[in-house]
Each structure stands twice: as C-alpha cells, then as structure tokens.
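Note sheet for the following structure.
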Amino acid sequence: MNINRRNLYYVLWLIGVFFLIYFSSLVLEFANEWKMKTYNIHGYNLWLPILISFISGIYLAFINGVPKQIRIDRSRLIVFFISGIALSYFILWFYFNLPVFNPKVYLKMINYNGPFFLGLICGYSAITGLFKFMNQE
C-alpha cells in the first residue's frame with residue numbers, strides 16, 4: 001500500500017509540473033509582451049523569470065516528498081546563500097553600475113540562462129536546507 005501512495009504522489013507531482021510549466025509560460029509571455037510595449041527591461045521582464053525559477057526550484061524539491069520536520073542543513077544553506085548572492089548581484093547589476101570581474105564570463109552566463117539556473121538552485125537548496133523529507137535520514 002505504501003508503494004501505491006508513493007506512486008500516486010509522483011503522478012500528482014508530475015501533473016503539478018505540467019501546471020507549473022503552463023502557467024509559467026503564460027506569465028513569461030505576459031512579461032515579454034509588456035517589455036515590447038513599454039521597452040522597459042527592468043520591470044516584469046527582469047523579475048518574473050527569476051521569481052518563476054525560484055518557485056520552480058522550490059517545487060522541484062518536493063519531488064522528495066512532503067517535508068517531515070524542520071531540520072537545518074548547513075551545507076545546503078551555504079549553497080542557498082552563495083546562489084542567492086550571485087542571483088542578487090545579477091539583479092543589482094541592472095539597477096546600479098556594479099563592477100563585473102570577468103565581463104566575458106558574466107555575459108555568457110546571462111546569455112545562457114544563468115539566472116534561471118541560479119534561481120532554480122537557490123529555491124531547491126532553500127527547501128532542502130530547511131526541511132527533512134520522508135526519504136532522508
């Protein structure tokens with residue numbers, strides 16, 4: 001019976017992934033349309049993809065199951081803080097004139113969806129660093 005519950009959880013989680021992808025694409029489409037109308041890249045087009053990737057990372061952490069108890073894992077929280085600092089540096093770089101240490105690497109990271117993956121890592125490590133899941137010891 002426990003295996004059936006676990007399989008049902010995975011099916012429901014997968015259905016949730018489809019809904020998350022669908023609504024994320026709608027929101028990103030809205031942000032792109034808003035950018036084309038207003039020519040403002042600092043608004044929705046900057047914040048919404050990062051917020052969606054963070055929420056996707058949180059949802060990805062729930063593939064392990066429902067959190068069992070609160071437990072702080074320092075190593076995963078260090079990953080959360082490092083990725084959060086890198087992500088906030090990316091955001092602040094658009095608003096302020098911050099120095100870029102290696103412009104070629106930084107611009108390649110921006111062009112190849114680096115902020116999306118940083119948000120994904122940040123959300124995933126935040127949840128797994130704060131909670132203990134059923135299949136963890």
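Rule-based calculations on the coordinates, nothing more; no lab input. Treat the numbers as computed from the prediction; the structure is a model and nothing was measured. Quick reminder, even Gly has a Cβ in these numbers, built from the backbone with ideal geometry, and neighbours come from all protein chains shown.
Values as computed for the structure displayed
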read-out: Distance (nanometres) between label positions extended 7 Å along Cα→Cβ at I55 and F18; value: 1.9
read-out: Angstrom value of the Kirkwood radius, inverse mean 1/r, which spans all Cα pairs in the chain; value: 16.7
read-out: Exposed-loop-free span, longest in the chain, where chymotrypsin sites (Phe, Trp or Tyr not before Pro) count as exposed if DSSP calls them loop and at most 16 other C-beta atoms lie within 10 Å; value: 40-95
read-out: Options I21, S83, L60, ranked by Cα towards positive dipole end of region 14-137, top entry (Cβ charges); value: S83
read-out: Charge dipole (debye, nearest 20) of the chain; +1 at Cβ of Lys and Arg, -1 at Cβ of Asp and Glu; value: 280
read-out: Cα convex hull volume per residue for region 59-125 (Å³); value: 106
read-out: Computed [θ] at 222 nm, helices only, for the chain once each DSSP H run of length n ≥ 4 contributes -39500 (n - 2.57); value: -26000 deg cm²/dmol
read-out: Simple spin-label estimate for I91 and F30 in nanometres, 7 Å along Cα-Cβ; value: 1.8
read-out: Helix runs (DSSP H) in the chain reaching 30 Å along axis by Cα, Kyte-Doolittle at least 1.0; value: 74-95
read-out: Percent RCO, i.e. relative contact order, over the chain, from Cα pairs under 8 Å lying at least 6 residues apart; value: 37
